[in-house]
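A short worksheet on the structure shown next.
The values are calculated or read from the model by the stated rules, or taken from the named source; none is laboratory data. Just so you know, these numbers come straight off a predicted model, no measurement behind them. Neighbour counts run over all protein chains shown; Cβ positions are idealised from the backbone, glycine included.
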Amino acid sequence: MPKNSSARTVVVAGGTDGMGRATALARLERGDTVVVVGRSAAKAADLADEARRLGAAERLDFHQADLSSIAAVREVIAHVAKAHPAMHALVLTANRQHLRRETSAEGLESTFALYYVSRYLLGHGLARQFDAAPDPVIINVAGPGTSAGSVNWDDPHLTRRYSTMRAQLQAGRANDLLAVEFAERPTSKARYVLYHPGFTQTAAINQFNQPLRAIVKVYARIGARSVADSAAPMIEWVENPPKARLTVDDRGKPVDLGRKMFDKANAARLAALTEELLDER
C-alpha cells in the first residue's frame, strides 16, 4: 500500500542508475507515479522488476531517450505533457563522463549537452505541468559549492583543450548559473534545489580507464558516501520542498549565494547563449 495519502507525479532524468534509481524506487514505494528517463532498456527492465516487487509496476512510466540530444529531450517533454498533466517534481541526475571529446546529435559537446542543456530544457519545458501541481520542485544534482571550473564563453563546446575534468567542471558551473537564472526569472512556480551530494558510490566509477578506475574504486570504498545516504535528501525534497525560491545544498550545508559562481549577470548571459544554441537547432 502507498505510504503517503497525497501521491505525486515525479520525473527522474537518469533514473536507471545510482541516486536517480534510488529516488525513483523510494518514491514508487511511497505511492507516487514516477516517469524514469534513461538510455538503457536492460537497466529499465531491472528497474521494472524492482517496481513489480514493490507492487508499483503500474506507476512506473519508463521513457527511453538519450538526453544529450535536444530532439530527444523535446520528445520527453511532449510525452510527459501528454501523459501527466500535473508534475510535482523533476529530479535531474543524468550525466556521463567522456574520456575523449564527443558531440551530440545536434553537434554540441556531449557533456555540456547532457549535463547542462538537457536540464535547462526540462526545467523550462515542463512549466505548465509544474504550475498544475501544488508545491512543485526541481532538484538538480550537480556540484554547487565547488569553485573550480568556469563557463568557456568563447568556446562552450570545448573544441580546444578538451579534457574530461574541464568538461565536467564547465557543466557544473553552468548548472550553478541555471539555478540562479531560474530563480531570478522563473518560467513556473517550481522551487529550485541545487544539490551537491559529494563523492558517491555509483556506477559512474566504471567509466574510468584502468589503472585510474582501480584507484577510484579503492578511494570509493574508503571515503565515498553510499547511494542511499546521498539520495536521502532528494527523496524528502520531493515530498517537502524547501520554502525558498532557490536552495543550494553542498553535502548538507547551505552555500552562500553571494559567491562568484552564482553571479546574476553571468546567469542571464548563459541563458541568452543557451537560447541562441537552441534557436540554431
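Quick look at the numbers
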read-out: Yes/no for T200 being at pLDDT below 95 and either under 22 Å from R21 (Cα atoms) or of a type in the set (A, V, I, L, M, F, W, C) (or both); value: yes
read-out: Filtered residues of region 254-275 (kept if assigned to a loop (DSSP other than H, G, I, E, B) and either farther than 12 Å from T146 by Cα or among the aliphatic types (A, V, I, L, M) (or both)); value: V255, L257, G258, D263
read-out: Unique residue being modelled with pLDDT under 95 and in contact with a Pro (Cβ under 8 Å, 6 or more places away or on another chain) when the list is R213, R225; value: R225
read-out: Filter result for F208 (touching a Leu at 6+ places or on another chain (Cβ under 9 Å), hydrophobic (A, V, I, L, M, F, W, C), surrounded by fewer than 17 Cβ atoms within 10 Å (Cβ to Cβ) and modelled with pLDDT under 95); value: yes
read-out: Residue among A105, A78, A72 that is in contact (Cβ under 8 Å) with a residue 12 or more places away in the chain, loosely packed, with under 15 Cβ neighbours inside 10 Å and more than 13 Å from the chain's Cα centre (by Cα); value: A105
read-out: Matching residues in region 29-44 - criterion: being more than 16 Å from V227 (Cβ to Cβ) and in contact with a strand residue (DSSP E or B) (Cβ under 9 Å, 6 or more places away or on another chain); value: D32, T33, V34, V35, V37, R39, S40, A41, A44
read-out: Some residue of region 233-251 being touching a Leu at 6+ places or on another chain (Cβ under 8 Å), under 15 Å from V180 (Cβ atoms) and in a loop (DSSP other than H, G, I, E, B); value: no
read-out: Pair list, Cβ < 7 Å and 6+ apart or interchain, from region 230-250 residues that are closer than 15 Å to A7 by Cα and surrounded by 18 or more Cβ atoms within 10 Å (Cβ to Cβ) to residues that are modelled with pLDDT of 95 or more and among the charged types (D, E, K, R); value: I235/R27; V238/R8; V238/R27; P241/D135; P241/R191
read-out: Filter result (in a loop (DSSP other than H, G, I, E, B), over 11 Å from the mean Cα position of the chain (by Cα) and crowded, with 21+ Cβ neighbours inside 10 Å) within region 109-142; value: L126, P136
read-out: Test: residue in region 32-39 that is of a type outside the set (F, W, Y), on the phi < 0 side of the Ramachandran plot and in contact (Cβ under 8 Å) with a residue 60 or more places away in the chain; value: yes
read-out: Only one of D49, D66 that is within 18 Å of the chain's Cα centre (by Cα) and of a type in the set (D, E, K, R); value: D66
read-out: Some residue of region 126-135 being without any contact (Cβ under 8 Å) to a residue 60 or more places away in the chain, closer than 22 Å to A272 by Cβ and not charged (D, E, K, R); value: no
read-out: Any hit, region 162-177, residues being part of a loop (DSSP other than H, G, I, E, B), in contact (Cβ under 8 Å) with a residue 12 or more places away in the chain, in contact with a Gly (Cβ under 6 Å, 6 or more places away or on another chain) and not aliphatic (A, V, I, L, M); value: no
